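Have a look at the structure below, then the notes.
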Amino acid sequence: MLVLALDTALGACSAAVLDTASGQILAALSEPMERGHAERLIPLAAETCAAAGVAPAACNRFVATTGPGSFTGLRVAVAAARAMALAAGGEAVGLSTLAALAAPWHGRPEALAVLTAVDARHGHVYAALTAPDGTAIVPPSYLPVHEAARLAAARPVAVVGPGAEAVLAAWPEGAALPAVLDGRTAPDIAVVARLGAMADPAASPCRPLYLKAVDAKPQAARPGAAEARP
């Protein structure tokens with residue numbers, strides 16, 4: 001099976017092609033960026049496929065990180081994966097950004113729990129806490145940063161993701177510091193490809209994962225304004 005993985009949820013625009021028959025990443029490209037994912041992703045995916053020596057239509061599975069992350073950014077990869085899967089007659093699979101960030105720390109000799117955190121602003125983070133073997137302790141949640149820090153500080157832990165520094169700043173006084181602080185701003189796209197290849201499509205829908213309501217609110221009607229007609 002050929003897998004094309006895409007990520008635009010956080011601070012990078014990335015693509016990778018995995019050949020599950022050989023277990024090899026045939027090509028991977030990643031460019032740091034905060035904006036412009038929509039304009040860059042399709043050309044980047046085409047460049048990645050060209051470097052891998054495969055056509056996008058030859059891929060069987062299309063994997064996208066589904067969030068949490070940038071409200072607009074994460075939808076870019078999700079929409080692209082779904083469209084490519086439809087065109088190729090393949091399947092689209094979604095993968096949590098938090099799971100992709102945590103995966104490299106699971107099953108290591110250090111046997112650390114992993115708190116993955118993405119800064120959600122306003123004193124909150126999107127976070128998940130997993131055991132050393134990857135078992136969920138706290139599922140993906142929208143938490144006050146001090147609550148995420150309190151949960152993590154109860155055990156030897158690696159704190160991972162772009163919200164790691166915010167969690168450290170809220171760390172409980174007197175608690176042992178994290179054994180690892182990994183503030184990477186985006187998941188490793190090769191990890192996304194490998195996790196996506198193993199995922200059950202029925203349990204991994206390719207749709208955005210939003211852990212809180214959108215901040216934007218509809219404008220109130222102006223006094224005296226005429227009501228809209230049905």
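All other residues whose Cβ lies under 14 angstrom from that of G90 are scored, Lys and Arg at +1 and Asp and Glu at -1, for a net of +1.
What net charge do the residues around S141 carry, taking every other residue with its C-beta under 12 Å from that of S141, with Lys and Arg at +1 and Asp and Glu at -1? So the surrounding residues net to 0.
What does the charge count around S14 come to, taking other residues whose C-beta lies under 13 Å from its C-beta (Lys +1, Arg +1, Asp -1, Glu -1)?
Working: positive: R40, R184; negative: D7, E31, E47, D188.
In short, -2.
Based on the Cβ-Cβ distance from M198 to A58, what FRET efficiency comes out when R0 is 22 Å, to the nearest 0.05? Write down the numbers at each step before the final one.
Details: r = 20 Å, r/R0 = 0.92.
It comes to 0.60.
So if I average 1/r over every pair of distinct C-alpha atoms in the stretch 146-194 and take the inverse, what Kirkwood radius in Å does that give? Hydrodynamic radius (Kirkwood, Cα pairs) of the stretch 146-194 is 11.5 Å. Annotation: average projected area of the chain is 16.0 square nanometres, based on the convex hull of Cα atoms across all directions.
Computing FRET efficiency as 1/(1 + (r/R0)^6) for E31 and A111, where r is the C-beta to C-beta distance and R0 is 35 Å, gives about 0.55.
In order along the stretch 121-138, the phi-based Karplus estimate (6.51 cos²θ - 1.76 cosθ + 1.60, θ = phi - 60°) of 3J(HN,Hα) comes to 6, 6, x, 10, 9, 8, 8, 9, 10, 10, 6, x, 8, x, 5, 5, 9, 10 Hz; Gly and Pro are listed as x.
Close amide H contacts of I137 (hydrogens built in the peptide plane, cut-off under 5 Å, sequence separation of 5 or more or a different chain): L129, T130, A131. Annotation for the stretch 82-115 versus the stretch 7-60: alpha-carbon center distance of 15 Å.
Built from the Cα atoms of the stretch 99-182, the convex hull projects on average onto 4.5 nm², one quarter of its surface area.
Read-outs throughout are calculated quantities, based only on the coordinates presented, and are distinct from any laboratory measurement. Bear in mind the structure is a predicted one, so any value in this text is a computation, not a measurement. Neighbour counts are summed over all protein chains in view; Cβ atoms, including those assigned to glycine, are modelled from backbone coordinates with ideal geometry.
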